[in-house]
1. Is there a residue being surrounded by fewer than 17 Cβ atoms within 10 Å (Cβ to Cβ), assigned by TED's automatic domain parsing to the domain that holds residue 81, within 27 Å of the chain's Cα centre (by Cα) and in contact (Cβ under 8 Å) with a residue 40 or more places away in the chain anywhere in region 22-31?
2. Condition first: in a helix (DSSP H, G or I) and farther than 22 Å from residue 267 by Cα. Now tell me which residues in region 6-37 satisfy that.
3. Please name all residue pairs, on different chains or six or more residues apart, with Cβ atoms under 8 Å, provided the first residue is in region 642-665 and is not assigned by TED's automatic domain parsing to the domain that holds residue 627 and the second residue is assigned to a helix (DSSP H, G or I) and surrounded by 19 or more Cβ atoms within 10 Å (Cβ to Cβ).
4. Residue 494: under 22 Å from residue 570 (Cβ atoms) and not assigned by TED's automatic domain parsing to the domain that holds residue 354, yes or no?
5. Does residue 332 fit the bill of being touching a helix residue (DSSP H, G or I) at 6+ places or on another chain (Cβ under 8 Å), at pLDDT 75 or above and surrounded by fewer than 17 Cβ atoms within 10 Å (Cβ to Cβ)?
6. Is it the case that residue 540 is loosely packed, with under 12 Cβ neighbours inside 10 Å, in a helix (DSSP H, G or I) and in the same structural domain as residue 572 (by TED's automatic domain parsing)?
7. Within region 245-258, can you find the residues that are farther than 15 Å from residue 196 by Cα, free of Cβ contacts under 8 Å to residues at least 60 places away in the same chain, assigned to a helix (DSSP H, G or I) and touching a helix residue (DSSP H, G or I) at 6+ places or on another chain (Cβ under 7 Å)?
8. Within region 544-562, how many residues are in a loop (DSSP other than H, G, I, E, B) and crowded, with 19+ Cβ neighbours inside 10 Å?
């Protein structure tokens, strides 16, 4: 049981990925101090550790070979001890060495008896790397670890299939934290608080880009008084976003990641190679500093800012991170609203761009159809052709028209940019949520094709949005529906079997009180799929009030875990009998809340009212076997209890005979009333 597991796929370091409790007890080091160190455990070396065996062990690890030897190691306190060190390479399904099983056995007493303390100087006969001896334990270790690795791989594959979210496949391995991890300087942990805050800032910057880039490309390239609109200087927000994207690239070169083998990769070169082979090309194109160059008065091609639309692809990086919040209804609802608003904004920008191209398509003639022309007529701001006079006389007379020399200008008039975009957004929302209202309609063939595509996308958004909203509402009211369903079942049962009215009242009252206590959750069924180790830890937490009584003070942890698995919840309504006189006492009852009384033949109570923290049962005597109750126990209020069954109690006491003797002796003193 004194062993560590090293990752054989990380050359030169072979970091420890698991450390057993026995190893910690043997060496005095905590698990946090051992994790991520080399599995050769060089931190256990001292002045008397054989240098020859050190080299042989290191050579065996580098060559992925087995090794066995006897050497002197040192505990954390500095005390030396003789150790039988055994290294077994573990191979995966590709016949590649994936792990090293390094076991340590304290053989100090054996070496002291045999008097072989001088072996440390020569190293002869103390090491083997051919694996010819001790083959049976080593084969057994391999078999156990192969079975464990195969089981974990199956679990991982099944969990990966079951936990696919609405945003696509999740990463192959979940993010996790490594205790007291030792990382190089200037390396960021991918699960750290700073990285989480930085990702939130990048999310806001990406949403800003998703709003402003389509608007600047489609709406901001319109015309003003018939002339192309000059592109203004970039805003402060645009400059800040570009700086954030550039800094994000730098930070990603120093951010850890989880490898396919399940390790947090900390080596800077491996981190850089992983990022270069992944998101780096997309991030680089999205971070091209067009606005920074324009702010520095560097001549940039007039259409180069159209490449800023590539920044919208950064939204793909957010999808795996957003899926982790899919279990929160409010987050999902807010996310759906944001996605729908972004889609409507993009459609509005495309609709405006299409109308603007229709207007500018024939600059020499007045356009007649098109949604922008219809809007201009309704707002009484129609388009008109401007003509420019070539003669000075024409210019001086103030008419702006020359009789002999004139040429056609551009289109003037039309609705304002603000009115046109608001109308585009209105059309987009009405088309995505319905088939439109006809006040803003498609007239040209191009506009009709665009409207058809918008309606198809709107139908898909209808299915996604309303489907998720329906699921959220059902999730909110699932417990209420289950409560009403169970209540109807109870009423049907009572009606079919003709249960008398007093008994009916007791049934319904008990059902309502238990539902209020556990919200309809069957704890036994819910925890049945969990491993016994985890169930025991949960039971220790749930029943800590009972197990922290002075009566259980001397119990070992194993005994307490066994006892906790035998504790069951119990409820008692006012006037209901928990224990009837003459019944076999099958458990000890601990009163968590409420008040009860002990009666005999309807006479006044034999003892004061029992309250919170009281223990009700009987003295076990020589052995925990069932005895008959001498009195009735009745609830005065709604009572919540914990019952410890006598069979589970006997099983737990059998694990700790010393505690069992003290328990039987103190039980009669701790009982609030001996039945």
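1. In the first step, residues of region 22-31 are kept if they are surrounded by fewer than 17 Cβ atoms within 10 Å (Cβ to Cβ); the result is 22, 25, 28, 30-31.
Next cut, assigned by TED's automatic domain parsing to the domain that holds residue 81 only: 22, 25, 28, 30-31.
Those left that are additionally within 27 Å of the chain's Cα centre (by Cα): 31.
Okay, now just the ones that are also in contact (Cβ under 8 Å) with a residue 40 or more places away in the chain, so 31.
Yes, some residue in region 22-31 is surrounded by fewer than 17 Cβ atoms within 10 Å (Cβ to Cβ), assigned by TED's automatic domain parsing to the domain that holds residue 81, within 27 Å of the chain's Cα centre (by Cα) and in contact (Cβ under 8 Å) with a residue 40 or more places away in the chain.
2. The first filter runs over region 6-37 and keeps only residues in a helix (DSSP H, G or I), leaving 21-27, 31-34.
Correct list: 21, 22, 23, 24, 25, 26, 27.
3. Matching pairs, first to second residue: none at all.
4. Values: under 22 Å from residue 570 (Cβ atoms): no; not assigned by TED's automatic domain parsing to the domain that holds residue 354: yes.
Against the criterion (under 22 Å from residue 570 (Cβ atoms) and not assigned by TED's automatic domain parsing to the domain that holds residue 354), residue 494 does not qualify.
5. Details: touching a helix residue (DSSP H, G or I) at 6+ places or on another chain (Cβ under 8 Å): yes; at pLDDT 75 or above: yes; surrounded by fewer than 17 Cβ atoms within 10 Å (Cβ to Cβ): no.
Criteria not met by residue 332.
6. Details: loosely packed, with under 12 Cβ neighbours inside 10 Å: no; in a helix (DSSP H, G or I): yes; in the same structural domain as residue 572 (by TED's automatic domain parsing): yes.
The answer is no for residue 540.
7. 249
8. Taking region 544-562 and keeping what is in a loop (DSSP other than H, G, I, E, B), we get 548-549, 553-556.
Going one step further and asking which of them are crowded, with 19+ Cβ neighbours inside 10 Å, we end up with 555.
Number satisfying all stated conditions: 1.
The values are calculated or read from the model by the stated rules, or taken from the named source; none is laboratory data. Since we're looking at a predicted model, the values are computed, not measured. For neighbour counting, all protein chains shown are included, and Cβ atoms are generated from backbone atoms with ideal geometry for every residue, glycine included.
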